[in-house]
1. Separation between the residue 27 and residue 121 pseudo-spin-labels, each 7 Å from Cα along Cα→Cβ, expressed in nm?
2. For residue 66 and residue 15, calculate 0.36 nm times their separation in residues minus their Cα-Cα distance, and state this gained length in nm to one decimal.
3. What ranking, highest mean first, results for peptides 89-96, 14-21, 39-46, 101-108 when packing means the other Cβ atoms within 10 Å averaged over each residue?
4. Considering only 61, 73, 2, whose Cα is most displaced toward the positive end of the charge dipole of region 1-94, charges sitting on Cβ of Lys, Arg (+1) and Asp, Glu (-1)?
5. Between residue 6 and residue 46, what is the label-point separation in nm under the 7 Å Cα-to-beta-carbon projection?
6. Using only alpha carbons, build the gyration tensor for region 1-115 and give me the equivalent ellipsoid semi-axes, biggest first, whole Å.
Amino acid sequence: MFYLGRRVVLRALASPLPITWVTADCAYGQESRFRRLLEQSGVGYVLAVPKSQFTVGCPRIDGLFAQAPAEAWEKLSCGDGAKGPRAYHWEAVRLPAVAEFDYQGEVPHRMRWALARRSISRPDEIAYYLAYTPLEAVTAHQADEKGAQPVREPGPSRSQWRRFGDSWQLVVPHPLTCVDAEADTTR
């Protein structure tokens, strides 16, 4: 799978098309070489991953979201479908940066996220995603235009989950350090 995905991405990047984002199912999302290719190319992504996917702060992505308080789930619509609005409960966790890919010199320019989408009618059905985004995403720009309050620094608490504005985030110690379990190295 990796080689087919790699070939498609490299062809798209070589074309005159403005390629800035990639989405894919978990066959590609769980493949670390595919994620690294996109990161090295400066391409943002939202990739589905299996619930057993390793993530920073927890050996499995489903375990990471299981730690979240119940109020961390936010009801959002994915747009209209054939049977009306497609609404789900969502959670988002900002992950620590990887210096090699997320910084330009000393300045961060990309963010990493873990996302969970839960069915409202069947809460045991949860899909997981990893995302790699520009630091200044369109949504942040739109929030500024609407007069949203800036993100506050977390206060003291025993829980690793903190509320920032309208969303919840997992606070991981040492955000500039990331252990890449796949390569078994520390950055």
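What follows draws every value from the coordinates through simple rules; no lab data is involved. Predicted, not measured: the structure shown is a model, and the values here were computed from it. Cβ coordinates were reconstructed from backbone atoms using ideal geometry, including for glycine residues, and neighbour counts include every protein chain displayed.
1. Distance between label points: 2.8 nm.
2. On the way: separation 51, 0.36 × 51 = 18.36 nm, distance 4.17 nm.
The span from residue 66 to residue 15 would gain 14.2 nm if fully extended.
3. Working: 89-96: 20.4, 14-21: 9.9, 39-46: 15.9, 101-108: 12.1.
The densest-packed peptide leads the list: 89-96, 39-46, 101-108, 14-21.
4. The residue sitting farthest along the positive end of the dipole is 2.
5. That separation, rounded to one decimal, is 2.7 nm.
6. Numbers: eigenvalues 131, 82, 44 Å².
For region 1-115, the semi-axes come out at 26, 20, 15 Å.
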